[in-house]
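The values are calculated or read from the model by the stated rules, or taken from the named source; none is laboratory data. As the structure is a prediction and not an experimental result, all values here were calculated from the model. Here Cβ is always computed from backbone atoms with ideal geometry, including for glycine, and neighbour counts include all displayed protein chains.
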């Protein structure tokens, strides 16, 4: 089955078709390549080797290629398109034209061609179409910026490959509990960790993802200390030596009230943070002809002007980008007024550090719903980047991140529920219906209070038959998802899948106590099943069995009421 017309019209910004189809004999689309993209033909690594699409490279100047293939592919340069954008034209005459302003645009255009191609019954089918596709934000990506156990390098490598396939272009290395990022920022990385970072940078290059090295020295940096700045430059210089050109200085989550010599030297924290950032900027400018520097201020959330923001606005180098998270650390909405106002207050390009779907403040929870509540016009309000801060559970984060990738690429057309459907289908395949039901039990209560109305309504009606069906479905869903061929998902989500089954078992014990409320054995079984649920150390957002027991009049121990509850 190919991609549907509805999905094409949603996933690609402009999709022009009159419903015609190009049908080509053969089990592969074999494209004879021509290029007007660049004189040096700098397209290495972008061209398909095998699979459903084969690019037949020219043999050389004046040399005919024996295999002409069954289609022609012309690459063209078009500098009028936004960076990373492309235009793909598929003609009835089997001539394909792909225009782009850069290599990423070429890659995304070729990825679009792969998505549009259907191979069946020894023939290739393509829509006759023109796709014009450009991003809403120049920088789109992931920041590994959460507290808790950092990702493994295997997770990071997979994240880079994932981003390359979802039109994201920035991976920001900023794990809060990597000691060499924050606590031991002066210390060089041990050889094995530095080798992992270098390999990660190379993987980013391979997939056309920019690697950002982030460092957080703000807790104990002495602003007058030449030795501290020498250590900071040494840390950055090691990254420059392995090809890093994108950096961020993070001054978030620190006690930013200046003390001692720091206060005597620079007086105010806004002045201090502009000062250190400008020194880093000057250092990078002396080392690199082209680079990016962003900074995360200590006042990274809020929606009002302050002296701190004024100092950043007036003193920070104009080329430095500034992060914020919205009007709160976990902002349920980021609307036009707050976005526009804060852009003015900081006076710099704003980069949205979106704390979605991060769960470091809710470690017993998974967040599996789509991004919601972000202005469709954020890219027109001084914002040039959106980066998502995922969960400690990388694989589970993909469900929300795929919806975020849709928003990052085309915020003007973003529809949360449709993106959620597409993301779950991509993630779970034939088990998409079960996965969606599981996702619906794990909503991000910090950002969305839509809750669990069907469960609440059934409890209000005391509809025990409906509740029986609900908990049976919850158990069956968890069992089926436990059979997915995604070992990483099973590893990460396993505690929540087991908790879902335990909730179903608890419900049946609750049912028996409701039938025979004075039976001490039934009461004891409920307490036993409650302890089993607690033993997993995690909970579903709906907390269905405990919520049901309370709503139906079952008396629970006080510690259960304190530790659990409906979100």
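If you go through segment 254-290 one residue at a time, how many are within 32 Å of the chain's Cα centre (by Cα), farther than 17 Å from residue 346 by Cβ and surrounded by 17 or more Cβ atoms within 10 Å (Cβ to Cβ)? Working first, answer last.
Initial filter on segment 254-290 (within 32 Å of the chain's Cα centre (by Cα)): 254-256, 269-270, 272-285, 287-290.
Imposing the further condition that a residue be farther than 17 Å from residue 346 by Cβ reduces the set to 254-255, 279-280, 282-285, 287-290.
Filter once more, so that each one left must be surrounded by 17 or more Cβ atoms within 10 Å (Cβ to Cβ): 254, 280, 283-284.
Within segment 254-290, residues that are within 32 Å of the chain's Cα centre (by Cα), farther than 17 Å from residue 346 by Cβ and surrounded by 17 or more Cβ atoms within 10 Å (Cβ to Cβ) number 4.
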If you take the residues in segment 530-554 that are surrounded by 21 or more Cβ atoms within 10 Å (Cβ to Cβ) and closer than 12 Å to residue 505 by Cα, which one is nearest to the chain's Cα centre (by Cα)?
544
Members of segment 234-253 that are part of a loop (DSSP other than H, G, I, E, B) and either buried (at least 19 other Cβ atoms within 10 Å of the Cβ) or out of contact with any helix residue (DSSP H, G or I) (no Cβ under 7 Å at 6 or more places or on another chain) (or both):
244, 245, 251, 252, 253
All but one of (1) touching a residue at least 40 places away in the same chain (Cβ under 8 Å); (2) part of a loop (DSSP other than H, G, I, E, B); (3) assigned by TED's automatic domain parsing to the domain that holds residue 351 hold for residue 92; which doesn't?
(3)
Out of the residues in segment 197-233 meeting the condition of being free of Cβ contacts under 8 Å to residues at least 12 places away in the same chain and assigned to a loop (DSSP other than H, G, I, E, B), tell me which one is surrounded by the fewest Cβ atoms within 10 Å (Cβ to Cβ).
220
Looking only at segment 451-458, decide whether some residue is crowded, with 21+ Cβ neighbours inside 10 Å, at pLDDT 95 or above and either in the same structural domain as residue 319 (by TED's automatic domain parsing) or in contact with a helix residue (DSSP H, G or I) (Cβ under 9 Å, 6 or more places away or on another chain) (or both).
no
Among the listed residues 525, 491, 485, identify the single one that is over 19 Å from residue 362 (Cβ atoms), out of contact with any helix residue (DSSP H, G or I) (no Cβ under 7 Å at 6 or more places or on another chain) and part of a helix (DSSP H, G or I).
491
